[in-house]
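Step one of this worksheet: look at the structure below.
The values are calculated or read from the model by the stated rules, or taken from the named source; none is laboratory data. Keep in mind that what you see is a predicted model, and the values were worked out from it rather than measured. For neighbour counting, all protein chains shown are included, and Cβ atoms are generated from backbone atoms with ideal geometry for every residue, glycine included. Just the protein is used for accessible areas: all its heavy atoms, side chains included, with ligands, DNA and RNA removed. Shrake-Rupley method; radii C 1.70, N 1.55, O 1.52, S 1.80 Å.
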Amino acid sequence: MKFLIKKLQKKEIWNRVFLERLTEPIHLNLLSLFYAVFGSYKKKIDYDLILRPHHAYSLLKVAKYAKDNKIETVSLLEFGVASGAGLMNMSQITSELTKSTGVQFKIYGFDTGKGMPPPESYKDHPEYYLEGDFPMNFEALQKNLPKNVELIIGDVRQTLQSFQANIPPNEPIGFISFDLDYYSSTVAAFEILKYKSELYLPLTYLYFDDIELPNHNHACGELLAIKEFNESNELRKIEHHRFLENTRIFRRANWIKHIYFFHVLDHPKRNNLNSKIQKRVLANPYLKFEGNEDLQDVN
Ligand SMILES: C[S@@+](CC[C@H](N)C(=O)[O-])C[C@H]1O[C@@H](n2cnc3c(N)ncnc32)[C@H](O)[C@@H]1O
């Protein structure tokens, strides 16, 4: 409750309420009040009623894919933990999703533990972020994390070198949050996207935090790291989830623009050229011929 009152004192929260929410149709806002009280957890995610809806949306998608494909455990990663609010939020959401889907989650949080390292150039946006920003209270955080959440402390340039061995093939990566602020740190963290293809879901969800301020652009920061990664990796692509807003009830929400897909083009599931799926036929409502009404429309 104290946390909620503190949040409500922040100007950005009221901006968000007025700009993102109250500019949406009134009937949807009224419905969302109803679901806030009586809705299932999934309905609350659909109506952006869960704190950090970018986590809730992505993790629900990942849980559904895992359940449908009989994957028992999925790995989730956060790059840039700071005080740990994001990590604890992910942990809270996954415990709800485990209850409803049975899917288990392992969560890994990467951070220096002592805040931002020194910036290397203008590409790291030193006008926004500086050395020592966002330190962690390691003891307090570690004490409050459940068993399935692990902190990997140190600069990602070093800690990622041997991390691949921590991900067993039956616990593929389904979601990664990138919140390291700097270009240089994000490039280092992208080593995580170069593992064996089976260590990911064929379509892995990504969240990029640092792309929305006025100075963010494709020549600096996370946007530059994404651009360079795509240029130099033929079979791995980071792409914006272009039609996501068309699938959402509240389309003006900021978080929508932070969601990307990681396309693992060399994943075995994307390379099965001899799949034995039943032949499908497209129906044609303009023609009359025997059997047409029974044909399946895959559109
Ligand atoms: C904005 S904070 C993360 C906030 C957090 N995701 C949240 O939602 O509360 C950015 C974090 O990235 C970490 N960081 C930046 N560069 C790093 C690097 N090269 N290695 C490890 N951690 C790094 C910093 O220590 C800092 O805590």
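Quick notes on this structure:
- Whole-percent carbon and sulfur share, accessible surface of the chain, 1.4 Å: 55 percent
- With the gyration tensor restricted to C-alpha atoms of the range 173-299, the semi-axes of the equivalent ellipsoid amount to 37, 21, 11 Å, longest first.
- Percent of alpha-carbon pairs separated by more than 25 Å within the chain: 55 percent
- Accessible area per residue, Å², the chain with all protein chains present, probe 1.4 Å: 59 Å²
- Nearby aspartates and glutamates by direct alpha-carbon distance to K279 (threshold 15 angstrom, same-chain neighbours under 8 apart not counted): D294, D297
- Relative contact order of the range 17-93, pairs being alpha-carbon contacts under 8 Å that are 6 or more residues apart, as %: 22 percent
- Relative to the longest principal axis of the Cα atoms of the chain, helix 221-232 runs at roughly 50 degrees.
- Helix axis angle, 26-38 relative to the chain longest principal axis, alpha carbon, degrees: 80 degrees
- Considering only alpha-carbon pairs that sit under 8 angstrom and 6 or more positions apart, the relative contact order computed for the chain is 16 percent.
- For the range 164-195 versus the range 268-292, the inter-centroid distance based on Cα atoms is 37 Å.
- Highest to lowest packing among 203-214, 161-172, 119-130, 71-82, scored as the average C-beta count within 10 Å: 71-82, 203-214, 119-130, 161-172
- Placed amide H near G154: partners under 5 Å, 5+ positions off or other chain: D111, T112, G113
- Computed from phi, the 3J(HN,Hα) profile of the range 202-208 under the Karplus parametrisation 6.51, -1.76, 1.60 (θ = phi - 60°) reads x, 10, 9, 8, 10, 10, 10 Hz, with x in place of Gly and Pro.
- Modelled spin-label separation between F163 and E72, with each label point placed 7 Å from Cα along the Cα-to-Cβ direction: 2.5 nm.
- A simple spin-label model places pseudo-atoms 7 Å from Cα toward Cβ; at R270 and E198 they are separated by 1.8 nm.
- You can think of it this way: the chain between E120 and L30 has 27.6 nm of extra reach, that is 0.36 nm per residue less the Cα-Cα gap.
- Candidate aspartates and glutamates for bridging to K99, where Cα separation is under 16 Å - those fewer than 8 sequence places away on the same chain excluded: D68, E72
- Cross-link reach list, lysines versus K123, counting only Cα pairs under 23 Å and skipping chain neighbours closer than eight places: K114, K194, K227, K237, K257
- Spacing of the two label points (7 Å from each Cα toward its C-beta) at E139 and T101, in nm: 3.7 nm
- Per-residue extension of 0.36 nm, minus the Cα-Cα distance of L282 and Q9, leaves a gain of 92.7 nm for this segment.
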